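Chemist: Dropping the structure in here first, questions after.
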Amino acid sequence: MTVSAPVLLGEYKYELRPVERGYANRTLYINLEDNSICEKPVTQQMKDLFTGGRGFALKLLWDAVSPETKWDDSQNELVIANGPICGITAYPGSGKSTVVTLSPLTENVVDSNVGGYFAPFLKFSGFDALEIQGKAAGDVVIFIDGDTGKVTIEKSMVEGLDAHEISNQLTAKYGGDEKGKRAISVLSAGQAADHVRIGMLNSSWYDVRRKEARLKQAARGGPGRVFRDKKIKAIVVRFSDMGGDKNGVVDMALIRKAGSRINKEIADLDDKQNQIRKIGTANIVEVMDHFDLLPTHNFRYGSHPDTHKIDSKVWKQAFTQGVPDGCWLGCTLSCSHGVDHFPIKTGPYAGQCLLVDGPEYENAAGLGSNIGNFDPQKVLELNFYCDTYGVDTISFANCVAFAQECYEAGQITKEHTGGMELTFSDGGTVGLELIHQMARGEGFGVLVGQGVRYMKKYFAENFGCDPAFLQDIGMEIKGMEISEYLTKESLAQQGGFGLATKGPQHDEAWLIFMDQVLNLLPSFKDKAEALHYFPMWRTWFSLHGLCKLPWNDITPENNKQTKEPAKVVEHVENYCWIHEGVTGKPTTTEDLLNQSERVYNFQKVFSMRMGRVGRKHDYPPFRAMGPVTKEEYESRQERYDEQLQRLVGIDPAGMSTTEKMNHLRAYRENQYEQLMDAVYLRRGWDANSIPTPEKLRDLGIDLPELLEVVEEARKSA
């Protein structure tokens with residue numbers, strides 16, 4: 001593949017200046033309708049109220065759209081932001097971007113985080129955020145040159161269709177030699193993102209040992225579909241002048257103090273704890289299976305006899321070991337593992353040996369057990385094609401599994417699927433055929449790629465399927481597919497997914513072990529407190545451009561003896577030190593949580609402004625709460641019968657399975673209602689999931705435009 005000389009459509013020159021206390025103090029705006037480019041100042045109010053990262057991106061999008069704006073309108077923006085701590089190299093996990101847009105899947109505001117070098121390079125090139133509005137007439141490449149202070153919009157001459165080709169081509173084009181390639185990061189999607197709502201973005205960095213571009217993903221909510229709807233082929237950023245302090249920090253010694261402490265823990269303890277440096281997040285596949293939490297056959301079951309074929313031992317052997325795999329400089333946790341020289345057997349790259357980035361846990365579980373695929377070759381091939389075609393692996397897995405269950409239940413037939421047999425007996429083959437159809441923009445795969453919510457409506461209206469059954473088994477909330485964890489026995493995690501603002505993504509609250517395994521959240525008050533603290537804490541990472549793995553995937557040796565082990569208080573202290581070291585502001589845990597709570601509530605009001613008002617949006621499908629089918633109930637009959645006796649006070653003897661299921665369902669739905677009430681109260685929202693004006697005032701975000709949305713929602717409720 002080659003890249004021809006560019007045709008210039010727009011150009012903007014700007015002054016290069018250093019980052020100060022973590023901020024570049026300006027954002028970059030591009031409109032692809034007229035190819036205009038300009039910079040905007042970052043005000044002190046933006047910093048005070050929205051902090052950075054996700055907060056900045058949400059504020060920029062709020063100002064750009066109206067309540068009537070749809071995801072595919074020219075007015076919609078794609079906003080990519082970093083954060084004040086993003087880019088430091090003395091503490092692991094400091095290279096994250098947050099991508100914010102109006103989502104094709106949820107039809108509301110969504111955020112998705114991604115690693116790679118893009119976020120730090122964007123900041124050091126001069127910008128705290130990049131906002132792109134409008135649609136180009138044809139495919140374009142946006143180039144931000146932090147070496148010379150120039151931004152260009154070029155007519156795309158890229159010959160490759162998919163992310164691994166695009167990233168490698170443009171890294172070579174704009175980087176040149178080996179040293180220059182290290183200064184390049186590329187955002188791209190892939191050919192499937194032209195056709196499906198579950199399209200995602202890839203963010204690259206150049207691996208100097210493998211000598212090719214590696215990929216991380218901003219996947220949730222379909223940002224890749226928006227990217228391609230705007231006719232963006234790629235966004236390239238170049239920054240060559242890297243050093244240990246490009247963030248303009250106030251107290252580097254305090255940052256190094258935190259970095260030294262955690263890096264010693266990683267060196268001493270990672271191999272004993274989770275082996276993130278050898279296996280990454282796929283280390284928990286067999287753990288999930290053991291505790292009946294591994295989603296299997298569209299979340300019907302939590303374990304499978306063949307799980308050993310796709311567990312951590314398999315991936316540890318497949319991954320190239322002994323190679324630093326951090327997706328930003330200085331990340332000693334190094335979770336970004338890959339399988340080198342992997343032989344591709346299907347699709348347009350059949351016969352080639354290529355690098356597969358992953359699988360992470362979500363990919364191993366979703367592309368594995370959830371679709372009935374226990375063939376590691378097919379898990380890896382699906383992983384590769386989802387990435388390079390630009391398809392979210394979590395959404396893809398749930399969409400395929402939903403279609404498979406509909407097929408096996410007789411809701412859809414070969415007449416609907418184009419002759420395909422969508423069974424769980426050979427999920428890998430099914431998945432590969434569907435992903436290739438998505439890339440080609442043809443066949444049943446394109447329908448599957450519109451998402452579970454879309455399929456539920458389409459199947460009912462066009463195929464005569466039972467809408468109640470589809471609702472029960474469709475593993476999505478607010479239009480977004482649920483992360484790959486079985487939640488039937490964890491009420492707190494049901495709330496963690498159902499009450500999440502953007503949709504059911506585990507980066508907001510992961511409470512299964514606290515709740516189900518360790519029983520640390522026995523009361524509704526305990527669960528509500530956890531569903532307040534952890535979403536606020538995890539939000540904080542997205543405000544600053546941080547990865548959450550160094551917070552709790554490696555823990556101090558004495559962590560289990562602390563009062564609240566799940567909070568990993570020593571690491572929270574690290575983040576206080578880092579924040580103070582970067583900004584110069586004395587920092588407490590409460591300061592960090594207040595930053596998050598302001599942005600979290602702002603995003604909640606934003607979602608209301610775009611039409612998502614009320615409690616009705618916070619319910620999970622019943623499959624996430626309990627058994628939908630007789631087969632499910634009877635597979636765990638002893639467990640469910642015991643719960644009917646102990647919790648519900650009903651003797652199941654002599655009852656039919658249907659009768660027992662009805663009693664259990666009524667009990668679990670009532671429990672969830674009580675949980676919702678407790679969480680709303682703790683968050684300072686009313687019983688209809690609307691933040692109160694008093695809460696906004698307490699947080700200092702009682703801006704007239706927010707109060708107007710809240711008051712209108714309360715009137716219409």
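Chemist: In deg cm²/dmol, rounded to 500, what helix-only [θ] at 222 nm does the chain give when every DSSP H run of at least 4 residues adds -39500 (n - 2.57) and the total is split over its residues?
Modeler: Value at 222 nm, helices only: -12000 deg cm²/dmol.
Chemist: For a protection proxy built on the mean count of beta-carbon atoms within 10 angstrom, sort 661-667, 55-61 highest first, please.
Modeler: In decreasing order of mean packing, 661-667, 55-61 become 55-61, 661-667.
Chemist: Going by how many other Cβ atoms sit within 10 Å of their own, how do 85, 650 line up, fewest first?
Modeler: Exposure proxy ranking, most exposed first: 650, 85.
Chemist: Next question. May I ask which residue of 192, 168, 106 lies farthest towards the positive end of the charge dipole of the stretch 92-192, with charges of +1 (Lys, Arg) and -1 (Asp, Glu) on Cβ and the Cα centre as origin?
Modeler: About the Cα centre, the residue reaching furthest to the positive side is 168.
Chemist: Just check the stretch 1-124 against the gyration tensor rule for me: Cα atoms, a ≥ b ≥ c as the square roots of the eigenvalues, rounded for a/c under 1.5, and otherwise prolate or oblate depending on whether a/b exceeds b/c.
Modeler: Verdict is rounded for the stretch 1-124.
Chemist: For the stretch 475-533, restrict the atom set to alpha-carbon positions and state the Rg and Dmax in Å.
Modeler: When restricted to Cα atoms, the stretch 475-533 yields Rg and Dmax of 10.7, 31 Å.
Chemist: Something else now. Out of residues 5 or more away from residue 200 or on other chains, whose amide H comes under 5 Å of its own, with H placed 1.01 Å from N in the peptide plane?
Modeler: Those qualifying (amide H under 5 Å, at least 5 residues apart or on another chain) are 224, 225, 391, 392.
Chemist: Order these peptides, 23-29, 478-484, by their mean beta-carbon neighbour count within 10 angstrom, highest first.
Modeler: In decreasing order of mean packing, 23-29, 478-484 become 478-484, 23-29.
Chemist: Could you compute how fast the stretch 591-693 diffuses translationally, taking Rh as the Kirkwood radius over C-alpha pairs and applying Stokes-Einstein at 37 °C with viscosity 0.692 mPa s? Give it in µm² per second.
Modeler: For the chosen part, D equals 204 µm²/s.
Chemist: Rounded to the nearest Å, what's the spacing between the alpha carbon centres of the stretch 371-426 and the stretch 79-143? Just the number, please.
Modeler: 30 Å
Chemist: Given 40/616; 525/604; 345/478; 155/179, which pairs have Cα atoms separated by over 32 Å?
Modeler: 40/616; 345/478
Chemist: Enumerate the whole-percent occupancy of each 10 Å bin, from 0 to the last occupied one, for all C-alpha pair distances of the chain.
Modeler: 3, 15, 27, 29, 19, 6, 1, 0
Chemist: Please arrange 628, 208, 236 by how many other C-beta atoms lie within 10 Å of their C-beta, fewest to most.
Modeler: Placing the least packed residue first, the sequence is 208, 628, 236.
Chemist: For the pair residue 665/residue 429, report the inter-label distance in nm, with labels modelled 7 Å from Cα in the Cβ direction.
Modeler: 3.5 nm
Every read-out reported here was derived from the displayed coordinates using simple, explicitly stated rules and does not represent laboratory data. The structure presented is a predicted model; accordingly, all values stated were derived computationally and were not measured. No Cβ is skipped: glycine too gets one built from the backbone with ideal geometry, and neighbour counts run over all protein chains shown.
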